[in-house]
1. Regarding segment 111-122, can at least one residue be identified that is assigned by TED's automatic domain parsing to the domain that holds Ala74, in contact with a strand residue (DSSP E or B) (Cβ under 9 Å, 6 or more places away or on another chain), loosely packed, with under 15 Cβ neighbours inside 10 Å and touching a residue at least 40 places away in the same chain (Cβ under 8 Å)?
2. Which residues, counting only those in segment 146-172, are modelled with pLDDT under 95 and buried (at least 18 other Cβ atoms within 10 Å of the Cβ)?
3. Would you mind stating whether Val67 is modelled with pLDDT of 95 or more, closer than 18 Å to Lys108 by Cβ, part of a helix (DSSP H, G or I) and β-branched (Val, Ile, Thr)?
4. Suppose the filter is without any contact (Cβ under 8 Å) to a residue 40 or more places away in the chain, under 12 Å from the mean Cα position of the chain (by Cα) and on the phi < 0 side of the Ramachandran plot; does Val98 pass it?
5. Condition first: in contact with an Asp or Glu (Cβ under 9 Å, 6 or more places away or on another chain), assigned to a strand (DSSP E or B) and buried (at least 16 other Cβ atoms within 10 Å of the Cβ). Can you find one or more residues in segment 49-58 that meet it?
Amino acid sequence: MAGWDEVWEIAADQHGYVTVEQAGNAGINYEALKQAAWRGRVERPARGIYRLPTVPATAHDLEALAVLWTGDAAAALSHDSALAAYDLGDINPDKYHVTVPAARRIRKAGGDGYVIHHQDLRPEQVTWWEGIRTVTPLTAIEQTLVSGVPTYLLRQAITAAYKQARIRDADRRRLTAQLTRKAS
């Protein structure tokens, strides 16, 4: 029973989700997870990931699932999805954007709703939003400057981030200059 208590604690911190590896480290093997899913005690929303329905759902469960789906502890919600998470303008991505380390290759099915970016993030480029590893607002804006997000949405993001004190004035000026050069 102690293993399941630990799995519940992990899931509670991850919007109800736990990976097979995390469960195994807590003493619950893959066969026990499969059996619990068969009995309806846990759900299997993606390969290698289970959800404990006893953990209340939140509005950000799908963002958490996107990051966990990569199977990489260094993965972070990024680009358009991070801008939307921080409410920096009217951006509304149709897929979840996640950044993984540059050398990481993901070869599993089920990622149709995700856009995977490869970049080695420095520690100061990552933070936590709603319990989900996420790039900082500054990093998200820098990423979207080169990823094809429309100029008007980038202007909104820069202005909103500055007004919310999420970026410094020097960053605002630098990003605005980059955006102006890109638009010309």
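The values are calculated or read from the model by the stated rules, or taken from the named source; none is laboratory data. If you're wondering where the values come from, they're calculated on a predicted model, not measured in any experiment. Neighbour counts run over all protein chains shown; Cβ positions are idealised from the backbone, glycine included.
1. Within segment 111-122, one or more residues are assigned by TED's automatic domain parsing to the domain that holds Ala74, in contact with a strand residue (DSSP E or B) (Cβ under 9 Å, 6 or more places away or on another chain), loosely packed, with under 15 Cβ neighbours inside 10 Å and touching a residue at least 40 places away in the same chain (Cβ under 8 Å).
2. Of everything in segment 146-172, just one residue is modelled with pLDDT under 95 and buried (at least 18 other Cβ atoms within 10 Å of the Cβ), namely Val149.
3. Values: modelled with pLDDT of 95 or more: yes; closer than 18 Å to Lys108 by Cβ: yes; part of a helix (DSSP H, G or I): yes; β-branched (Val, Ile, Thr): yes.
Taking the combined requirement at face value, the residue satisfies it.
4. Yes: the conditions hold for Val98.
5. The answer is yes; a qualifying residue exists.
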